[in-house]
Amino acid sequence: MTLAELNTGQMAIVSEIRVGRHGQGLSNRLEAMGMITNKLVTVLRKAGLGGPLHVRIGLTTEVAIRRAEAKMVGIQLLDVAE
Amino acid sequence: MICHTGTVSSSKSSAIRRVALIGQPNTGKSTFFNRVTGATAFVGNWPGITVDLYQANVQINGETIEFVDLPGIYDLHGFSEDEKVVQQFLQSFPIDLGVIIINASQIDRQIRLPLQFRDLGLPSVILLNMADEARRYGIEIDTDLLGQRLGIPICLISAKYGKGYTNAYLEIARTLTVDRPACLLNANDLEKSRQIPPAEIEFLLAETVRMPSRIRRNLTAKIDHFILHPLFGLPIFFAGMFALFSIVWNLGLPSQGFMDSLTSWIQGNLLEPLGQSLPEIVRDFLINGLWGGVATVASFIPLIMLFFILMAVLEDSGYLSRSAYLMDALMARLGLDGRSFVLQIMGFGCNVPALMGTRVMRSRAARLLTMLMIPFALCSARLQVFVFIIAAVFPNGNGAIVLFSLYLLSFAVALGTAALFQGVLKNEEPFVLELPPYRFPTPRQVFLRAWGEVQQFLTRASRYIILGCVAIWFLTNLPLGATGLDTWGGQIGQWFSPIMKPIGINPYLTLSLIFGFIAKEVVVGAFAVIYGLNSDTAILAEVGRTVTFIQGYSFCIFCLLYTPCLTTIVTIYKEAKSWKFTLFSLGLSLGIAWLASFIFYQSALLVIAHR
């Protein structure tokens with residue numbers, strides 16, 4: 001499952017960052033933003049018309065990420081809903 | 001790690017020592033820089049560096065130390081333009097100390113940067129900023145223990161409210177007393193320096209930083225609930241943009257008028273009496289050429305100030321990044337993000353500050369693409385020309401529709417340009433944008449930003465603008481004694497007539513467009529000189545008599561789409577730092593202007609002929 005498929009309000013932990021068309025660049029950036037293996041991620045909301053996702057990484061970082069980039073983030077669902 | 005082995009080109013003892021400010025975006029790095037350096041900062045000259053870097057001299061231990069504010073980076077090995085600039089900088093200019101600013105509440109991820117720095121052997125001091133915000137999240141940091149483990153001194157500060165500065169200053173001063181050669185990296189160092197394994201960070205933070213298990217729903221979440229609402233988010237955004245536009249319109253434009261009356265007062269009461277004894281041609285040159293240039297520059301000052309006050313509030317509050325989130329679905333199709341939209345809207349007030357504002361976009365491709373669009377925004381100066389032409393050639397009260405159609409055309413051409421060139425100026429950066437918590441911008445911060453931009457505008461653009469105004473004066477006043485179409489400018493107007501005739505623009509109007517190259521405000525005034533008439537009513541009547549309404553509309557289209565003004569061109573050059581791009585932008589707008597006028601004028605002629 002990827003971050004792009006996560007429903008609003010659901011929590012998950014990051015399992016892998018896939019290498020896509022941005023190569024190592026995207027995973028470097030995501031890592032610097034705190035998106036590393038075993039980190040908690042929550043989708044706070046999704047913009048309309050296929051727009052980006054508003055994602056909380058860990059507790060204190062929030063980012064806007066396009067769905068194409070969110071597909072590069074592999075996740076594992078956590079059962080607890082917020 | 002050449003810094004310790006002494007293979008660096010250690011700077012001579014007489015050279016000024018250098019401190020580089022480093023940190024991720026949104027950590028308050030520039031706020032700290034502004035606090036430390038006050039209004040003394042200036043854009044330095046760094047050969048080989050493609051973005052502007054602010055620098056200032058600060059007295060520490062009785063020694064003059066150079067502070068440089070490097071662009072915000074996520075990673076020392078990153079791929080973005082800013083990250084490449086920092087890599088380039090560290091490889092080109094030796095530094096004596098890195099001051100690394102970290103947002104305390106995000107220490108768990110931002111700690112990587114000082115670790116990478118340490119691995120490279122660069123001496124550094126860590127400043128933990130926004131300690132108050134971290135406390136609100138319930139994050140506790142044992143700075144002493146963390147500092148010991150890292151082997152890097154750490155200070156808590158609040159850049160915004162100016163707390164903890166004495167400590168930070170003392171720590172920086174203390175670290176600088178250690179005598180060691182300045183550090184210059186080479187490409188191998190950067191390549192070799194490893195990525196920081198998450199386990200190392202975990203170990204480091206285990207006993208030193210306590211994060212809460214979960215956080216309370218804070219004010220930012222509550223505000224976002226409305227402002228980023230899937231349904232209401234966009235309407236709120238558009239309402240906000242409208243408000244912004246109204247402020248630029250209702251405050252900015254009168255301020256420009258105020259500056260104009262100030263410069264004409266000086267002209268009327270000081271310069272003209274003083275120049276009485278001079279020959280007429282010299283007096284005219286000094287007043288209408290040279291002083292005209294000065295007045296043009298002056299008229300932009302309050303507008304740039306106001307624009308950047310608004311921009312700083314938008315940016316510092318955290319709303320600008322959110323606008324990127326809101327508009328992304330639409331703008332991504334054009335290879336842009338929502339911030340270009342905000343700038344485009346502000347361009348309707350005045351193109352110049354909007355172009356300067358593109359610096360908030362950190363991808364060069366997206367920035368250039370936005371800079372290509374902005375000059376098509378129907379700015380207030382062009383509006384004056386349209387109002388005049390509409391009054392002259394559309395006397396039947398359809399003016400509003402005509403004007404509205406020009407606004408639509410402006411939007412369509414801007415978006416079309418983006419669509420056309422997004423393949424060339426391809427934005428390769430992935431879209432992952434931080435949405436910082438909402439913060440109150442402090443007046444000091446906002447003012448310093450606006451003042452800095454005005455200073456930059458004055459130092460960079462004023463020379464070129466005054467020079468341009470002088471050149472145009474020569475074109476329109478020589479040979480001596482000539483007026484109207486007999487001047488060099490007028491001859492150029494006639495010379496262009498094979499090109500301008502198919503779009504319905506006569507040599508008189510062509511000459512006014514040459515005047516309009518300085519600024520569109522000049523066009524209407526130029527009619528008086530060109531037609532040799534003095535009263536507005538007489539000019540209106542003359543234009544109405546000699547120009548049909550389809551010629552008038554064609555003139556409006558051309559005026560809308562060709563180069564907005566000299567200041568815009570200079571600003572494009574100064575921002576893009578490329579003549580090629582500037583000439584391309586200039587050529588593109590002239591080409592589109594001619595083509596659009598041609599299509600309109602010829603089809604209108606066809607329609608009339610077949611009726």
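Details
- With Rh defined as the Kirkwood radius, the inverse of the mean 1/r over Cα pairs, the Rg/Rh of chain B is 1.03.
- For chain A: accessible area per residue (Å², 1.4 Å): 40 Å²
- For segment A:13-42, a reduction of at least 50 Å² in accessible area between the chain on its own and the assembled protein chains (probe 1.4 Å) is found at A:Asn28, A:Arg29, A:Glu31, A:Ala32, A:Met33.
- Once C-alpha pairs closer than 8 Å and six or more residues apart are averaged by separation and normalised to the residue number of chain B, the relative contact order reads 11 percent.
- Segment B:502-605: trypsin sites (Lys or Arg not before Pro) falling in loop per DSSP and having at most 14 other Cβ within 10 Å: B:Lys577
- Quarter the surface of the alpha carbon convex hull of segment B:176-275 and you get the mean projected area, 18.9 square nanometres.
- Heavy-atom accessible area buried between chains B and A is around 3200 Å² (1.4 Å probe, both sides summed).
- Solvent-accessible area lost in complex, 40 Å² minimum, residues of segment B:426-447 relative to chain alone, 1.4 Å: B:Pro430, B:Phe431, B:Val432, B:Leu435
- Taking A:His54, B:His610, B:His225, B:His77 and ordering them by how much accessible surface each has at a 1.4 Å probe, largest first, produces B:His610, B:His225, B:His77, A:His54.
- Under 15 Å from the Cα of B:Lys520 - aspartates and glutamates, other chains or at least 8 residues apart: B:Asp260
- Anisotropy class of segment B:256-295 from Cα gyration tensor, a/c 1.5 cut: oblate
- Lys/Arg +1, Asp/Glu -1 at C-beta; the protein assembly as shown dipole; positive extreme among B:Phe388, B:Met327, B:Tyr573: B:Met327
- Calculated accessible area for segment B:39-123 comes out at 27 Å² per residue, all protein chains present (probe 1.4 Å; ligands, DNA, RNA ignored).
- Carbon + sulfur, % of accessible area of chain A - ligands and nucleic acids excluded, 1.4 Å: 49 percent
- Probe 1.4 Å, protein heavy atoms only - accessible area per residue of segment B:371-529 in square angstrom: 43 Å²
- Distance cut-off 37 Å, percentage of C-alpha pairs in the protein assembly as shown lying past it: 45 percent
- Burial of 30 Å² or greater, segment B:52-83 residues [accessible area, probe 1.4 Å, versus chain by itself]: B:Tyr74, B:Phe79
- Taking 0.36 nm per residue of separation and subtracting the current Cα-Cα distance, fully stretching the chain between B:Val282 and B:Phe203 would add 20.7 nm.
- Global geometry of segment B:354-447, whether rounded, prolate or oblate, following the gyration tensor of its Cα atoms and the 1.5 cut on a/c: oblate
- When the solvent-accessible area of chain B is split by element, carbon and sulfur atoms take up 64 percent of it, the probe being 1.4 Å.
The values are calculated or read from the model by the stated rules, or taken from the named source; none is laboratory data. Every value quoted in this text rests on a predicted model; they were computed, and no experiment measured them. Here Cβ is always computed from backbone atoms with ideal geometry, including for glycine, and neighbour counts include all displayed protein chains. Accessible surface areas use protein heavy atoms only, side chains included; no ligands, DNA or RNA. Shrake-Rupley method; radii C 1.70, N 1.55, O 1.52, S 1.80 Å.
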